[in-house]
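In what follows, a single structure is set out as structure tokens and then discussed.
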């Protein structure tokens, strides 16, 4: 995976609405133009009433959401993203990741078969998102396993900086969902580890119990941002005390790109050997010099703790007859 040195070297992204947009990714995959027709097996539909949009039905959905109470609803349709259920005249969505028995790593055919088998069944669900302005009501079968009112209790007791224990419920490209006891929080992929993470599944699996740090709590939107990596010290803190310019040290090549190679010096701390610092003379590509997984001796040529950048040189270390020094 090609990475930009300047972007990668920065710290965690700000926790704004764009950070949270990933939470609705599965819903938006199928969220269509909204023709108002009743859902049919195997087809998606917009989250709008099948016929009209009576205020009483939205009021019923609101009461369910605020009371955090379960309700039994019939599955009326499905598509790749999940199931469509009926709440009076409303059509609600149940993301596949919020089903109790949905396979974590399912092929397209397995997804279709599993969801199709749900047609006509009645599921015990809880409302986890209620937004009449957008015509959206989202349900969860997993959330319904917790006692009524548990979401509110968890939200009231959580505060930034808390360390809590939860269970991984879903692993996605953009992060990991963790059940905190009736309420799910999101560990964004950038908060999984100080190390580079190609995919969260390389670090965590469903049903795994984890300790996480609470980054932020939005009680109005019932959103909780979590972090795994913040339970461990930031490897960039105090880097000038552990390393110095000119020092020769060993590391492992983690990624080779057109402009150089990244080398891991310690857990969560990577430096860049720019292509100009790989070797003397001409060569076609950095892979002609180094490869992923190779252990190399490098010389530290620059340290920028604020910018979280560490410049390394392979050719200057190899030209030095002295042995590698410890950190």
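The values are calculated or read from the model by the stated rules, or taken from the named source; none is laboratory data. These figures come from a predicted structure and were not determined experimentally. Because the Cβ atoms are built from the backbone with ideal geometry, glycine has one as well, and the counts that use them run over all protein chains shown.
Worth a mention:
- Considering (1) under 30 Å from residue 78 (Cβ atoms); (2) surrounded by fewer than 16 Cβ atoms within 10 Å (Cβ to Cβ), the lone condition that residue 157 does not fulfil carries the number (1).
- Residues of the range 71-112 that turn out to be assigned to a loop (DSSP other than H, G, I, E, B) and under 23 Å from residue 154 (Cα atoms), as a count: 2
- Some residue of the range 174-185 being touching a residue at least 40 places away in the same chain (Cβ under 8 Å), assigned to a helix (DSSP H, G or I), within 30 Å of residue 235 (Cβ to Cβ) and touching a strand residue (DSSP E or B) at 6+ places or on another chain (Cβ under 7 Å): no
- Members of the range 262-284 that are within 33 Å of the chain's Cα centre (by Cα) and more than 25 Å from residue 233 (Cα to Cα): 274, 275
- The range 206-217 - residue that is in contact (Cβ under 8 Å) with a residue 60 or more places away in the chain and surrounded by fewer than 19 Cβ atoms within 10 Å (Cβ to Cβ) and, of those, farthest from residue 176 (Cα to Cα): 216
- Qualifying residue in the range 235-247 (condition: over 18 Å from residue 305 (Cα atoms) and surrounded by 15 or more Cβ atoms within 10 Å (Cβ to Cβ)): no
- When each of 180, 155 is tested for being on the phi < 0 side of the Ramachandran plot and within 19 Å of the chain's Cα centre (by Cα), the lone residue that passes is 180.
- For first residues located in the range 51-70 and assigned to a loop (DSSP other than H, G, I, E, B), partners that are modelled with pLDDT of 90 or more and lie 6+ apart or on another chain with Cβ distances below 7 Å form the pairs 68/126; 70/124; 70/125; 70/126.
- When residues of the range 188-203 are limited to those that are touching a strand residue (DSSP E or B) at 6+ places or on another chain (Cβ under 7 Å) and farther than 14 Å from residue 97 by Cβ, the one surrounded by the fewest Cβ atoms within 10 Å (Cβ to Cβ): 196
Residue-by-condition table, conditions (1) in contact with a helix residue (DSSP H, G or I) (Cβ under 9 Å, 6 or more places away or on another chain); (2) outside the structural domain of residue 181 (by TED's automatic domain parsing); (3) in a loop (DSSP other than H, G, I, E, B):
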position: 198; (1), (2), (3): no, no, yes
position: 205; (1), (2), (3): no, no, yes
position: 213; (1), (2), (3): yes, no, no
position: 220; (1), (2), (3): no, no, yes
position: 226; (1), (2), (3): yes, no, no
position: 244; (1), (2), (3): no, yes, yes
position: 255; (1), (2), (3): no, yes, no
